[in-house]
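Taking it in order: structure first as structure tokens, then the write-up.
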Ligand SMILES: [Ca+2]
Ligand SMILES: [Ca+2]
Ligand SMILES: [Ca+2]
Ligand SMILES: [Ca+2]
């Protein structure tokens, strides 16, 4: 009996210390930038954390002649999956041990780590120009095809419970947000305005909402949020800039995203304009520029 009580006591202490670690964890935003002349992965402390006292502490994690972008944290914050040219790579959070997971004659995009840390979903374009959602084990083994369709599928995003994957598909015409079970079954369409293509789905940590990017008819791009069943659409940005790639803070209170302004001054927004990493409250208020430099900063992912 004494032994059992002691174990319960020790277990309690262990849980408490885990909670303490969790509270003290600063949270980091990993992103891509070409500030050093080539696409690389960088990390910075999230705003409003203890670590931010050191201000813009940006650390470069990769240094390769290939183009690195689309980074995504492992759920334990120990590793980062990313794209290097057209392959999926993984590395430790300090940039060490960079490893090619795919090594295959296909093009890969948008890797996303499953909440249990075991799998990575991504988009693949294999033979015959078919874009599909695939899943591999975190060690690169066991590639499985999930959403195969002759049309374009992209940008998988795991629900926080790991049971579903939101993704983008043009199977009904324009790119819309869909959701499927994690085994690829039961595909359901969530958005439905054929004039407005939607991209970049991101689940809130409580699984109740999905933020995403909408391309408006005038070329503007906005971050919208909706309930996970597709209802309750709200525009969070409503500004003349490109607002893209939302990523929720682990506490669900804020959203990091990329904003592109007319930095080359030609009066329009194109891919030659440079982006910044912004953060806002989950209701769209308090928008703040975190990078503020002439280089292109894109693809934020907010980690633990
Ligand atoms: Ca590079
Ligand atoms: Ca906008
Ligand atoms: Ca421009
Ligand atoms: Ca910039």
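Computed quantities for the displayed model
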quantity	calculated
Residue selected from region 208-220 under the condition surrounded by fewer than 21 Cβ atoms within 10 Å (Cβ to Cβ) and over 24 Å from residue 161 (Cβ atoms), by the criterion farthest from ligand 4 (Cβ to nearest atom)	217
Flag if residue 95 is within 14 Å of residue 75 (Cα to Cα) and either part of a loop (DSSP other than H, G, I, E, B) or in contact with a helix residue (DSSP H, G or I) (Cβ under 8 Å, 6 or more places away or on another chain) (or both)	no
Which listed residue, of 252, 265, is in a loop (DSSP other than H, G, I, E, B), closer than 14 Å to residue 211 by Cβ and more than 16 Å from ligand 2 (Cβ to nearest atom)	252
Given (1) within 16 Å of the chain's Cα centre (by Cα); (2) surrounded by fewer than 23 Cβ atoms within 10 Å (Cβ to Cβ); (3) modelled with pLDDT of 95 or more, number of the condition residue 154 does not satisfy	(3)
Qualifying residue in region 117-124 (condition: within 16 Å of ligand 1 (Cβ to nearest atom) and either crowded, with 17+ Cβ neighbours inside 10 Å or within 18 Å of residue 184 (Cα to Cα) (or both))	no
Residue 228 vs. criteria away from ligand 2 (no atom under 16 Å from the Cβ), farther than 21 Å from residue 199 by Cβ and modelled with pLDDT of 95 or more	no
Unmet criterion (only one of (1) away from ligand 1 (no atom under 16 Å from the Cβ); (2) more than 16 Å from the chain's Cα centre (by Cα); (3) more than 13 Å from residue 204 (Cα to Cα); (4) modelled with pLDDT of 95 or more) for residue 272	(4)
Within region 237-249, considering residues that are outside any loop (DSSP other than H, G, I, E, B) and within 16 Å of ligand 3 (Cβ to nearest atom), the one farthest from residue 201 (Cα to Cα)	242
Matching entry among 246, 201, 194 (being farther than 22 Å from residue 296 by Cβ, surrounded by 16 or more Cβ atoms within 10 Å (Cβ to Cβ) and away from ligand 4 (no atom under 16 Å from the Cβ))	201
First in region 280-304 and more than 22 Å from residue 73 (Cα to Cα) and within 16 Å of ligand 2 (Cβ to nearest atom), second anywhere and at pLDDT 95 or above and not in a strand (DSSP E or B), Cβ under 7 Å, 6 or more apart	284/236; 284/237
Leading residue by the ranking (modelled with the highest pLDDT) among those in region 11-59 that are assigned to a helix (DSSP H, G or I) and surrounded by 12 or more Cβ atoms within 10 Å (Cβ to Cβ)	52
Residue that is within 15 Å of the chain's Cα centre (by Cα) and surrounded by 16 or more Cβ atoms within 10 Å (Cβ to Cβ), where the choices are 284, 252	252
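The values are calculated or read from the model by the stated rules, or taken from the named source; none is laboratory data. Bear in mind the structure is a predicted one, so any value in this text is a computation, not a measurement. Note that each Cβ is placed from the backbone with ideal geometry, even for glycine, and that neighbours are counted across all protein chains shown.
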